[in-house]
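Asks: Got a structure for you, written out below as C-alpha cells; questions coming shortly.
The values are calculated or read from the model by the stated rules, or taken from the named source; none is laboratory data. This is a predicted model, so every value here is computed, not measured. All Cβ positions, glycine included, derive from the backbone under ideal geometry; neighbour counts span all protein chains shown.
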Amino acid sequence: MINTIIANFKMNKTESEVKDYLMTFLPRYEGKVDLTLCLPFTALHVGRYLCQGHDIRLGAQNISDEEEGRCTGEISGRMLKDSGVDFVIVGHSERRKKFKEDSKIINKKIKSALKNGIGVILCVGESLAERNTLKTFETLRDQLESALKGLYENELERIVVAYEPIWAIGTGKTPTAKEIGQAVKEIRRVIADDFSKNASENIKVVYGGSIDSKNVKQFTGCKNLDGFLIGGACLEPNNFLKIISLC
Ligand code: PGA
C-alpha cells in the first residue's frame, strides 16, 4: 500500500526559494502520507522551522562517511542530527557515478547515519546495460548486500529501500508496474535471505524514477510497494500536491 512519499530536491532551490515553496505547499498539504522532504543542506534550517507542527520528516541528500575532523566540505551525521534531520539519502546513482561512491563508502555512510539516529533512504537500481543483459536482479542483490553488510536486523526498521533504475531517473521513462513489482519482490527476497522473512515483509520499499502526476496512478496498485521517491516532479508545489493526492 502506498503511504510513503519522499521528495528529492537534488541541487535545486536556494533557501529563499524553499521558503516560498513551503509557504505554498504547507497550507495545502493534508498530511495523508508519511512525507519526507530531502532538501539541500542550505535549506534545512528554513525547512525545519517552517515544517514545525506539520507531520513531515526532514531529509538530507548526503552524509559524510567520517564522524568528525579533517574532511573539508563534508557534513557529518552528528551535524545533520543536530539540524533536525530524520532521514538521509545514501547510494543515489548520481553520487555513485559522479562522486565515485562505492559500496564500501555507502556502507560506512549508512552506519554513520544509523549511529547518529538518522534513518536511511538507500537507493539501488540497475543501469540500462545491466537491464539489457538481464542483470537487474544480480545488481540489486550486490548493491543491497554490500550496503547492508554488518547491520543488525533491528536496524532495518530505520531503512527505506528505494528502487531507482538508473535509466529511469530524470528521463521520462519508467519500468512497467509489473517490472517494478518484480524488482521489489527481489529486494525483499534478498532481505529475507540475509536477515529474516519478518524483516523482508516489514522493510519499506519505494520506487523512484520519472514519477509524475500523469503516470503515478499506473503504479499505485503495485504489489508490495510502499511509496515513491520523487525528484523533478516535486519541485513545483502544486504539482507535487497533485501527485500526493493521487496516491
Ligand atoms: P526523478 O528523480 O523523479 O527526477 O526521475 C528521482 C531521483 O533521482 O530520486
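Asks: For residues that are more than 23 Å from G125 (Cα to Cα), more than 12 Å from the ligand (Cβ to nearest atom) and surrounded by 21 or more Cβ atoms within 10 Å (Cβ to Cβ), tally how many sit in the range 220-247.
Replies: 1
Asks: So, L35, is that one aliphatic (A, V, I, L, M), out of contact with any helix residue (DSSP H, G or I) (no Cβ under 6 Å at 6 or more places or on another chain) and either more than 16 Å from the ligand (Cβ to nearest atom) or within 17 Å of S112 (Cβ to Cβ) (or both) or not?
Replies: No.
Asks: Follow-up question, since we're still on this one. Do you know which residues across the range 161-193 are within 10 Å of the ligand (Cβ to nearest atom), out of contact with any helix residue (DSSP H, G or I) (no Cβ under 8 Å at 6 or more places or on another chain) and part of a helix (DSSP H, G or I)?
Replies: Selection gives A168 alone.
Asks: Might you check whether a residue that is charged (D, E, K, R), free of Cβ contacts under 8 Å to residues at least 12 places away in the same chain and within 30 Å of M11 (Cα to Cα) occurs anywhere in the range 164-175? First the steps, then the outcome.
Replies: Step one: of the range 164-175, the residues charged (D, E, K, R) are 164, 173.
Checking which are free of Cβ contacts under 8 Å to residues at least 12 places away in the same chain leaves us with none.
Scanning the range 164-175 turns up no residue that is charged (D, E, K, R), free of Cβ contacts under 8 Å to residues at least 12 places away in the same chain and within 30 Å of M11 (Cα to Cα).
Asks: If you don't mind, there's one more thing I want to ask. Checking the structure you have, find out if any residue of the range 67-74 is within 27 Å of G181 (Cα to Cα) and surrounded by fewer than 19 Cβ atoms within 10 Å (Cβ to Cβ).
Replies: Checked against the condition, which is being within 27 Å of G181 (Cα to Cα) and surrounded by fewer than 19 Cβ atoms within 10 Å (Cβ to Cβ), the range 67-74 yields no hits at all.
Asks: Have a look at E155, E186, E236 and point out the one that is among the acidic types (D, E) and under 20 Å from A113 (Cα atoms).
Replies: Every option except E155 fails the conditions.
Asks: OK, next. Taking the stated definitions as given, is K109 surrounded by fewer than 17 Cβ atoms within 10 Å (Cβ to Cβ), among the basic types (K, R) and away from the ligand (no atom under 16 Å from the Cβ)?
Replies: Answer is no for this residue.
Asks: Could you please find all residues in the range 15-73 being of a type in the set (S, T, Y) and either without any contact (Cβ under 8 Å) to a residue 24 or more places away in the chain or part of a helix (DSSP H, G or I) (or both)?
Replies: S16, Y21, T24, T42, Y49, T72
Asks: Of everything in the range 209-229 that's outside any loop (DSSP other than H, G, I, E, B) and not aromatic (F, W, Y), which residue is nearest to E94 (Cα to Cα)?
Replies: For the range 209-229, the residue satisfying everything is L229.
Asks: Still on this structure, I have one more. For the range 205-219, state whether one or more residues are more than 22 Å from L134 (Cβ to Cβ), of a type in the set (S, T, Y), more than 16 Å from the ligand (Cβ to nearest atom) and at pLDDT 95 or above.
Replies: So far as the range 205-219 goes, no, none of its residues is more than 22 Å from L134 (Cβ to Cβ), of a type in the set (S, T, Y), more than 16 Å from the ligand (Cβ to nearest atom) and at pLDDT 95 or above.
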